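These notes concern the structure reproduced below.
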Amino acid sequence: MNGIVLLSCTVTLLVTFVSTARYPYQQVLQHSRIRGRQQGPNVCAVQKLAGTNKQYYTNCKQWYQRKICGKATIISYECCPGYERVQGERGCPAALPLSNIYETLGIVGAATTQLYSDRANLRPEIEGPGSFTIFAPSNEAWAALPAEILDALVSNVNIELLNALRYHMVDRRLLTDELRHGITLPSMYQNLDIHVHHYPNGIVTVNCARLIRADHHATNGVVHVIDKVITAVTNNIAQVVDTEDNLETLRTAIAASGLDTLLETEDKEYTLLAPTNEAFEKIPQETLTRILGDPEALKDLLHHHILNNAQCSEAIIAGSSIETLEGSSLEVGCLGDELTLNGKSIISKKDVLATNGVVHFIDELLIPDAAKTLTELGKDSDVSTSIDLFTLAGLGSHLAVNERVTVIAPHNNAFKDGIPIVEKDLTNLLRNHIIKDQLSSKYLYHGQVLDTVGGKKLRVFVYRNALCIENSCIDAHDKKGRYGTLFVVDKLLTPPTGNVMDVLKADNRFSKLVAAIQTAGLTETLNREGSFTVFAPTDEAFSALPRSVQSNAKELSNLLKYHIADEIVVSGAVSQLVRLKSLQGEKLEATSKNSTLQVNKSPVSQADIMATNGVIHAMNTVLQVPTKTPERGDLLNLRQEAAYAKVYQRNARLAHGQSKQVPRKQ
């Protein structure tokens with residue numbers, strides 16, 4: 001099914017590309033024409049939002065999802081702009097009669113604008129000669145105006161209403177392909193600018209009002225029907241913040257950060273997600289005081305509330321990820337009539353237009369990771385249990401102050417069998433989960449050594465599908481805070497406590513293995529610096545080994561070398577088959593089944609016992625050294641030799657038989 005959808009979309013895009021549609025609106029309109037062509041000529045498919053009067057020309061994605069802002073849509077078929085139906089004929093075969101702008105307003109569903117044009121004595125101008133573009137509010141747009149505003153307009157038709165209508169006009173003909181994203185058009189009211197945005201999804205807005213019926217030609221211009229009555233814009237974003245009582249705390253923060261200049265600039269457009277006073281009051285005072293007193297954190301906080309372009313709410317019909325000036329992204333979407341951020345409806349007031357962008361008021365503060373301490377970063381996250389343990393162990397100061405550290409934080413899943421009791425040993429262990437530098441996992445390299453505040457040195461292992469620090473492997477993307485970074489790992493790590501021989505001697509499960517290593521003369525090997533993986537049979541496993549093998553140094557050495565690989569492989573690195581070359585020469589095959597490490601299909605009873613020169617995996621079985629099988633070339637040689645031998649023997653028999661024959665008499 002997905003393949004059919006993709007093929008259909010691809011065909012549609014190819015048709016669109018070949019057509020004259022060069023801009024998003026025309027492309028979406030062309031797609032709607034293609035979807036509606038089975039209904040007859042000049043028919044467009046339209047998606048209507050169920051329960052509202054909102055409708056949209058459909059693009060490929062919308063067509064298959066059948067949703068706008070998460071709400072179900074109904075497909076209907078209407079005449080494309082500029083055409084009308086003829087009784088008894090399919091589709092919309094007739095072009096609309098071409099008339100002046102005044103008459104056209106009545107034809108395209110802007111009768112209220114037509115009526116007010118008459119009352120304000122604008123009719124003679126838009127009936128007469130000239131070339132105009134009018135962005136005409138729909139009947140519903142006029143009805144949606146607050147009563148006091150509408151009363152003020154119609155009570156002074158010769159000034160207020162006339163000026164309002166002339167602000168909706170431009171003194172030249174402009175079709176949607178000329179309504180480029182980010183341009184401004186001087187209106188016919190004191191040349192005050194109209195702000196145009198033409199979005200990639202085909203939606204076009206003027207002053208954040210959406211064009212709902214566009215490109216209707218008239219003898220003296222063009223009519224575009226819009227869904228709001230627009231008003232003149234004179235303030236930039238900084239001035240909008242200055243004039244709003246509910247943005248007092250934001251105003252203070254902007255002044256403290258020196259961000260005024262950016263928000264006053266007119267050479268680029270932004271979207272400011274403006275936290276209200278209430279939003280600032282919702283966060284702990286201690287956190288707010290810290291951020292306001294830290295210029296770098298404050299800059300990151302404010303930049304996280306600024307999008308890199310002007311985003312009107314009417315242009316959002318689904319979710320999309322938009323980058324902030326701080327560098328991270330916000331998921332901006334919609335649910336019905338509500339605008340959402342990261343899936344939450346926290347926008348209390350939207351589309352306050354400015355000369356250099358748009359402002360949306362939000363009632364929750366968006367604190368980016370870059371402005372958080374490690375404690376704040378880990379709270380309510382998938383490492384919250386680890387953060388609690390660090391705090392209980394008295395190590396919270398490393399996570400909450402301006403100390404450059406990296407904390408190795410096990411995922412909450414690491415504690416699914418229970419949260420350990422915080423005592424001296426655990427506290428010491430946790431101290432060795434704090435690295436004395438702020439790092440990024442993407443810059444770690446194999447063999448790197450990391451110093452901890454607990455005095456241990458931890459090794460970095462880079463595998464094809466894993467990045468591990470000792471026996472703990474990184475499980476998710478880094479969480480980078482103001483001063484520190486969290487590495488999310490799969491388990492508590494265990495720093496090495498000695499070399500392989502030290503560790504084996506200290507564990508009474510391996511007394512027979514230690515004795516065997518000494519008998520086989522491998523002690524010096526496992527004492528030296530190196531990188532070994534030892535699959536260590538326990539005493540119980542060794543008990544099943546024949547005494548003849550245990551007492552034969554050469555045979556025992558061969559067996560033990562097969563249990564040792566000359567590289568370090570921790571269990572987290574084995575997500576698929578890994579082949580290791582043993583010191584004996586034959587390959588070992590490590591796999592993982594049900595989260596249990598296996599070697600040659602035998603399960604490991606305890607994985608990842610770390611040593612300074614390797615890792616030990618305890619086993620309850622002794623691995624069998626495979627008998628050497630001839631290589632393919634060797635087999636061919638053997639077969640050839642056997643064939644030659646048979647020929648030689650045959651020839652020998654024939655020669656022997658001939659020598660026994662009696663010679664004929666002459």
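You can think of it this way: the chain between Asp382 and Asn309 has 23.1 nm of extra reach, that is 0.36 nm per residue less the Cα-Cα gap.
Within segment 459-515, the trypsin sites (Lys or Arg not before Pro) that combine a DSSP coil assignment with at most 11 other C-beta atoms in a 10 angstrom radius are Arg464. Applying a length cut-off of 15 Å (Cα extent along the axis) and a mean Kyte-Doolittle floor of 0.5 to the DSSP H helices of the chain leaves 2-18.
The computed Cα Rg over 2.2 N^0.38 Å for the structure shown corresponds, within (1) 0.98; (2) 1.08; (3) 1.49, to (3). For Asn552 and Ser575, the FRET efficiency from 1/(1 + (r/R0)^6), where r spans their Cβ atoms and R0 equals 45 Å, is about 0.75. Normalising the average separation of contacting C-alpha pairs (under 8 angstrom, six or more residues apart) by the number of residues puts the relative contact order of the chain at 7 percent. Give the calculated FRET efficiency between Ser531 and Ile283 to the nearest 0.05, with a Förster radius of 60 Å applied to their Cβ-Cβ distance. After rounding to 0.05, the efficiency reads 0.80.
Across segment 559-574, no residue has a backbone nitrogen under 16 Å from the label position 7 Å along the beta-carbon direction of Lys601. Computed over segment 152-229, relative contact order equals 21 percent, with contacts defined as Cα pairs under 8 Å that lie 6+ residues apart. For segment 565-571, 3J(HN,Hα) computed residue by residue from phi via the Karplus equation (6.51, -1.76, 1.60; θ = phi - 60°) reads 10, 8, 7, 9, 10, 8, 4 Hz, glycine and proline entered as x. If the segment from Asp177 to Thr265 were pulled out straight at 0.36 nm per residue, it would be longer than the present Cα-Cα gap by 28.9 nm.
Once the other residues with Cβ under 12 Å from the Cβ of Lys457 are scored (Lys, Arg +1; Asp, Glu -1), what is the net sum?
Around Lys457, the surrounding residues sum to +1.
Of the residues His217, His411, His31, the one with the largest accessible area comes first in the ranking His217, His411, His31, computed with a 1.4 Å probe on protein heavy atoms. I need the GluC sites (Glu not before Pro) found in segment 83-144, filtered to DSSP loop residues with at most 14 other beta carbons within 10 Å of theirs. Loop-located and lightly packed - Glu89. Select from Asn121, Val622, Ile226 the residue farthest towards the positive end of the dipole of the chain; place +1 on Cβ of Lys and Arg, -1 on Cβ of Asp and Glu, and compute about the Cα centre. It is Val622, whose Cα lies furthest towards the positive end. Over segment 88-136, Cα pairs under 8 Å with separation of 6+ residues give a relative contact order of 36 percent. Accessible surface computed residue by residue for segment 392-480, with neighbouring protein chains in place and a 1.4 Å probe, gives 55 Å² per residue.
Heavy-atom accessible area with a 1.4 Å probe sorts Glu264, Glu269, largest first, into Glu264, Glu269.
The accessible-area ordering, largest first, of the residues Cys79, Cys44 stands as Cys79, Cys44, per a 1.4 angstrom probe. Solvent exposure of Leu513, expressed as accessible area, is near 10 Å², computed with a probe of 1.4 Å over the protein chains only. Between Ile159 and Ile322, the C-beta separation translates, for a Förster distance of 30 Å, into a calculated FRET efficiency of about 0.15.
Couplings for segment 359-372, taken from phi via the Karplus curve 6.51 cos²θ - 1.76 cosθ + 1.60 with θ = phi - 60°, read 10, 10, 7, 10, 9, 9, 7, 9, 8, x, 4, 4, 9, 9 Hz in order; Gly and Pro are left as x.
Taking max minus min of the alpha-carbon positions on each principal axis, segment 140-201 gives extents of 38, 26, 16 Å, largest first. Each Lys and Arg adds +1 at its Cβ and each Asp and Glu adds -1 at its Cβ; summed about the Cα centre, the chain shows a dipole of about 5200 debye. The lysines within cross-link reach of Lys349, meaning a Cα-to-Cα straight distance under 17 Å and a gap of 8 or more places when in the same chain, are Lys228. Here are some pairs, Lys491/Lys512; Lys268/Lys372; Lys299/Lys350; Lys379/Lys416; which of them have Cα atoms lying more than 25 Å apart in this structure? Listed pairs above 25 Å: Lys491/Lys512; Lys268/Lys372.
Annotation: lysines with alpha-carbon distance below 16 angstrom to Lys436 (same-chain offsets under eight excluded): Lys456, Lys457, Lys480. Picking from Ser328, Ala164, Gln576, whose Cα lies most toward the positive end of the charge dipole for the chain (charges on Cβ: Lys, Arg +1; Asp, Glu -1)? Most positive-ward Cα: Gln576.
Ligands, DNA and RNA aside, His304 has an accessible area near 20 Å² when probed at 1.4 Å. The magnitude of the dipole of segment 119-277, with charges of +1 and -1 set on the Cβ of Lys/Arg and Asp/Glu and taken from the Cα centre, is near 560 debye.
For Glu524, the accessible surface of its heavy atoms amounts to roughly 150 Å² (probe 1.4 Å, protein chains only, rounded to the nearest 10). Here the chain exposes an accessible surface that is 50 percent carbon and sulfur, computed with a 1.4 Å probe and the other protein chains kept in place.
Could you give the nm distance between label points at Asn428 and Thr497, where each point is 7 Å from its Cα heading toward the beta carbon? The modelled label-to-label distance comes out at 0.9 nm.
The values are calculated or read from the model by the stated rules, or taken from the named source; none is laboratory data. Just so it is clear, the structure is predicted and the values come from calculations on it, not from any experiment. For neighbour counting, all protein chains shown are included, and Cβ atoms are generated from backbone atoms with ideal geometry for every residue, glycine included. Calculation scope for accessible area: heavy atoms of the full protein, side chains included, ligands and nucleic acids excluded. Shrake-Rupley method; radii C 1.70, N 1.55, O 1.52, S 1.80 Å.
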